[in-house]
Amino acid sequence: MHGFTVTAEKGSFGLNPAYNYNSSRGTRSDGQTINLPSVNQFAAEMDDFAQCIMNNKSSKVSGEEGLRDVKIMMAIYDSARTGKPVKLTPS
């Protein structure tokens, strides 16, 4: 499992595991524990989309943000295939 640690001027925190579909847990530099609840991310996203349609409101996630994510993923695939860095340009 993979995690991360963030170090800042007045302390740090980290999650391990951080990128999974179950709950995440971690610690803070002051000794406090972090316990994030398990959330079905796909169901929450579909529920949000349905609410947007029923209430004629914009989604929290824009199409531009989704396109940016696809461009990043394609760059990762290109880099893995070629073994070379791929430069991303702002759009």
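Computed from the coordinates by the stated procedures, all read-outs in this text should not be read as laboratory data. Please read these numbers as outputs of a predicted model, since none were measured by experiment. All Cβ positions, glycine included, derive from the backbone under ideal geometry; neighbour counts span all protein chains shown.
Among Phe13, Phe49, the order by Cβ neighbours within 10 angstrom, fewest to most, reads Phe49, Phe13. Spin-label pair Glu9-Ala80: with each label point 7 Å from Cα along the Cα-Cβ axis, the two points sit 3.9 nm from one another. Rounded, prolate or oblate, given the Cα gyration tensor of the chain, with a/c below 1.5 counting as rounded? It is oblate, given that a/c is not under 1.5 and a/b is not larger than b/c. Ordered by the number of other Cβ atoms lying within 10 Å of each residue's own Cβ, fewest first, Thr89, Thr7, Thr27 fall into the sequence Thr89, Thr7, Thr27.
Exposure proxy ranking for Glu9, Glu65, based on other Cβ atoms within 10 angstrom of each Cβ and starting from the fewest, stands as Glu9, Glu65. Which whole-number percent is the relative contact order of segment 1-90 (Cα, under 8 Å, 6+ apart)? Here the relative contact order equals 13 percent. The lysines whose alpha-carbon is closer than 20 Å to the alpha-carbon of Lys71, local same-chain residues fewer than 8 away aside, are Lys60, Lys84, Lys87. Projecting the Cα atoms of Pro17, Ala44, Ile72 onto the charge dipole of the chain, computed from C-beta unit charges around the Cα centre, puts Ile72 farthest toward the positive end. Over all other residues within a Cβ to Cβ distance under 15 Å of Ser59, the charged ones net out to -3, with Lys and Arg as +1 and Asp and Glu as -1.
Mean residue ellipticity, 222 nm, helices only, the chain: the sum of -39500 (n - 2.57) across DSSP H runs of n ≥ 4, divided by residue count and rounded to 500, is -13000 deg cm²/dmol.
Taking amide H as placed 1.01 Å from N in the peptide plane, Gly3 has its amide H under 5 Å from the amide H of Ala18, each at least 5 places away in sequence or on another chain.
For Pro90, neighbours were defined as the other residues whose beta-carbon sits under 13 Å from its Cβ, and their charges (Lys and Arg +1, Asp and Glu -1) total +2.
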